Amino acid sequence: MSGLRSARVSLLLPRSHSLTDANKTGSWSFIQPRYGDKTAPCGEACPCAEDIPRLESLAARGLYAEALRAVLEENPFPATCGRVCFHPCEARCNRAELDGAVAINALERFLSDAARDAEAPSLAGSGASGSGAGKRVAVLGGGPAGLSAAYFLARLGFSCELLEAAPELGGLLRYGIPAYRLPPEALDRDIERITRLGIAARTGARVDASFLAREAAGYDAVVVACGKSRPERLALPGAELAGDALAFLAAARADSAPSLAGKRVAVIGGGNGAVDAARTALRLGASATILYRRRREDMPAFADELRGALDEGVSLRELRAPASLARRGDGSILLAAEPMRLAGIGPDGRGRVERTGSPAEELAFDAVYAAIGAAPDEAWAIPASSLKLGRCAIDLAGSPPRAYLGDLASASLPALAESVADAIGSGKEAAIALDALFSKGPGRVEAEVERSRVGGGPSVSLGAYLGGERGRRSRRVVAYADLNPDYLERRERELGPELSPAEAARGFAELRAPLSPSSAIAQAERCFSCGLCNDCDNCRTYCPEVAVRLSGGRRAVDTDYCKGCGICVTECPRSAMSMEEPVS
Amino acid sequence: MMRVLEGSQAVAEAARLARVKVVSAYPITPQTHIVEELAKFCSDGSLDGRFICVESEHSAMASVIGAASGGVRTFTASSSHGLALMHEMLHWASAARLPIVMAEVNRALGPGWNLWMDQTDSLAQRDTGWIQLYCEDGQEALDSTLQAYRLAELVNLPVMVVLDAFFLSHTYEPVDEPSQEEVDRFLPPFEPKFRLDVADPYVLGEVAPPYIYMEMRRSIQSAMESALCLLPEVEEEFAGIFGRRHGLVDAYRCEDAEIVLAMAGTAASTARILVDELRAAGRRVGLLRIRLFRPFPAQAIRAALGPARKLAVLDRNCSFGAGGIFAQEIRAALCGHAGPAVYSYVAGLGGRDITVESLRGVYEATRDRPEPPTESVWVGLREEILCE
């Protein structure tokens, strides 16, 4: 054995103690990776500009209070929106292309409940830019738009007085949305959080246009957020026999609605108010029928709401236009409904209808409610010279300057949707605009609001306005094709269990149970975090040159050694990196 | 201890007994049984080693290159397309002078898709600087794997232990499996001549400009030459412990043979039957089994052939445009020396059987033809298919 041990074999190897550091291979590259968070489509679609990938990522780690705080940065109504928002975010969720959108709405509700006690520390003054200090703002209207404006103004350091005509705050949220969709307790939690910021709220304080003339001088700015509280009236013979659906809903919320046991109730209209009224009537013991002059698919009501109503036993008579109402001898109401037919598709994609000429159908009801829309209670004349932003109009020249919000401004802002989330977004936009007005001057308002937008949509982010990380993200919206499909695993979408239609129709209990904590985490984990680095570390793991350095929790490309192969960018599952020409 | 082992198991047992520290491989038929067995050993603790799962053979070889650079004993196995995918890394392993051992199960390359025996895959890696040992049976597969580590670590070159697909890899035979204690005596713990060390960082495989590259290549050639001298010594030690030796080449009844059949792999077992038959009938026939292909044992071949007039070389491979590869190599080894005329036959590609009868045909064709044809003769071709 010793002979073999001493065998001499040639062994000439290249070996260097000087290391290859001296060879700066990065100098060869003509293109290099850059870290750059982009915009997730959900966040762009959210009228409140919630930073959805970020809050999902926090929730996935069980950091509920932090996740809720991320919501509250941009939206003071998580308990409310987690229930009633029509969640345009989910419609844009990239995950929908794989196995169903992330349950963003259900998760928002979960967070608002789960983090209730460990709630984020007060956000008062958290956004103080200095401009608001000492400035007084009157906010007219205590619905979602006005409360949102007051919340964001207070955070920006303004002192707010909120005037509401009704006995309690909440507007349509309190008086127009039935408890099975929004339990009063959830709404109260959101409103208390807002008023805790030091907002002086006066209820039972009706204001009108003369208020501005009389009192406005005492304020530095006025926010008009009175919404549309006057119901539109039917224009047909016997219209006075129809009740107002909004008033009916308000009475039901206040437990002062009449018993409808065994009664036949008709609701005229196709919006959410009509569906809410029909389902409420059903819960009060009636049989309920919705009459709508166009087709089912043309109804402005959310499809899910309508489907729920029909499942519970509400009848829908589409293509039926009420022509007259008449009281019959037995006290019931005879409703003559003219059959309609499709006469083309309008520019909004909804069907246009015309009379068929067939004789009207005669239907007998015990009560009829009209839910055909509402108008501002007061003719708030928005000056034509007002600056029209995405969701509000600002009269910069007014003395004092005034902002017209939400539904009220929708006539002059045709792109504005009339939804709770849009109203909240409208209040935030006005707060940012007023802050910009006082800190930067009237000439800068539009640019400052523009700078705060998320992606290419109208939504504004307070975080972005205040110069936070959000504002530094690329406006480019990440599409499904930008993601790396190798990292996208199928995982089922899940919502909280739903009451059966029969159970649901029996009372005003919430239709759906909340997500369990384990489901909430599983659902949050489904978020791809489109465009937003979530520390998955693939870039560093796969860099063949070990040129991705991690220090203090932040990653950086060492351009001395990065050859620009692009593997990190390819392996980034979520498009939070991109290849760019080196900037010398 | 005598056990009935599949050829693949015999190799895996040898790697276990060699106490390899890192195994990395990607499955491919007909090699998979080998690494499946080793994966089992790693997981049940009968081998104190780590199995690195990878996404390709290229990465498998890269992994063992990394591990071997760190100074541990490594093992991998592959076959056919998997080996072809490793090609770049095979060059690296040898030039980095890493004593990696790989089992290579000879399988045909596609298309047409074929899982069966064919030598083209390993012979296509002829110039990668790997030592190649071709085995005839399960016992030799086990023994060669143990010897491969000894040799590789002496000369700092990687070794490929080559097995016929199915005929050897999937065939159960009685195999004398040595005890761990015996193996430890033959194969001491690996003492690397160099290894990466975080305490003394340096770079291996640095840039080698023209003024030094040629010397490094010459060093590899020298090491190959050393391997040729050292394998007999390794075998000597092996025989001292285990009582078996396999040779650089295995000459069977060649002493006075006029016609010798030459080949590598399991076909040699079939040839032994024919040789015995012909010898019984008074014919002077022998068999030369080539075990070592790289380095090529030219001297041993010349010595074994003795007075033979004709040498029929059976290749289970074809270098297209040139013919059987073993025949070419043997011709080159005999060039300039007195020796037999070389008759080249291509047979048994893609798993086609080589039978006693087909070998008898080769013998008779060689006997009856005074001069060898210039081209390789293809054995048992279905000419009617080719004519269509």
Quiz item: What number, rounded to the nearest 500 deg cm²/dmol, is the helix-based mean residue ellipticity at 222 nm of chain A, given -39500 (n - 2.57) per DSSP H run of at least four residues and division by all its residues?
Solution: -8000 deg cm²/dmol
Practice problem: Using θ = phi - 60° and the Karplus relation 6.51 cos²θ - 1.76 cosθ + 1.60, list the HN-Hα couplings for the range A:313-322 in order, rounded to whole Hz, with x at every Gly or Pro. | Solution: x, 5, 9, 10, 10, 8, 6, 9, 9, x
Quiz item: Counting alpha carbon pairs within less than 8 Å and at least 6 residues apart, what relative contact order, in whole percent, applies to chain A?
Solution: 22 percent
Quiz item: Local charge sum around residue B:194 (other residues, Cβ-Cβ under 15 Å, Lys/Arg +1, Asp/Glu -1)?
Solution: 0
Exercise. Taking H placed 1.01 Å from N in the peptide plane, check which residues at least 5 places from residue A:561 or on another chain put their amide H under 5 Å from its amide H.
Key: A:26
Exercise. Name the residues whose placed amide hydrogens come within less than 5 Å of the amide hydrogen of residue A:10, ignoring near sequence neighbours (fewer than 5 apart) on the same chain.
Key: B:223
Self-check item: Karplus 3J(HN,Hα) series, Hz, for the range B:17-34 with 6.51 cos²θ - 1.76 cosθ + 1.60 (x for Gly, Pro)
Solution: 5, 6, 6, 5, 9, 9, 10, 9, 7, 10, x, 7, 5, x, 8, 4, 4, 4
Practice problem: Choose one answer from B:363, B:213, B:134: the residue with the largest mean-square fluctuation in a GNM of chain B with alpha-carbon springs under 10 Å. | Solution: B:213
Quiz prompt | Fluctuation leader among B:179, B:78, B:344 - chain B, Gaussian network, Cα springs under 10 angstrom | solution = B:179
Self-check item: the range A:151-194 and the range A:535-557: distance between their alpha carbon centers, rounded to Å
Solution: 46 Å
Quiz item: Is the shape of the range A:253-370 rounded, prolate or oblate, going by the alpha carbon gyration tensor and its root eigenvalues a ≥ b ≥ c, with a/c under 1.5 for rounded and a/b larger than b/c for prolate?
Solution: oblate
Practice problem: Kindly list the residues of the range B:315-337 that lie in the label zone of residue B:374, defined by a backbone N under 15 Å from the point 7 Å along the Cα-to-C-beta vector. | Solution: B:321-323
Quiz item: Quick one: Karplus J couplings for the range B:78-88, per residue in order, coefficients 6.51, -1.76, 1.60, θ = phi - 60°, nearest Hz, x for Gly and Pro?
Solution: 7, 6, 6, 4, x, 5, 4, 5, 6, 2, 4
Quiz item: So for the range B:249-387, taking the charge dipole from beta-carbon charges (+1 Lys/Arg, -1 Asp/Glu), which of B:266, B:373, B:337 sits furthest toward the positive end?
Solution: B:337
Quiz item: Listing A:410, A:287 from the residue with the fewest other Cβ atoms within 10 Å to the one with the most, what is the order?
Solution: A:287, A:410
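Quick one: order A:368, B:207 by neighbouring beta-carbon count within 10 Å, fewest to most.
Placing the least packed residue first, the sequence is B:207, A:368.
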Self-check item: Point-charge dipole on Cβ atoms (K/R +1, D/E -1) for chain B, about Cα centre, debye to 20
Solution: 680 debye
Practice problem: Report, in whole Å, the centroid distance computed from the Cα atoms of the range A:283-350 and the range A:46-72. | Solution: 39 Å
Practice problem: Neighbouring Cβ atoms within 10 Å as the yardstick, rank B:33, B:91 fewest first. | Solution: B:91, B:33
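No value in this document is a laboratory result; all are computed from the given coordinates. A quick note: this is a predicted structure, and the numbers were derived from the prediction, not measured. Using ideal geometry, Cβ is built from the backbone for each residue, glycine included, and neighbour counts are taken over all protein chains shown.
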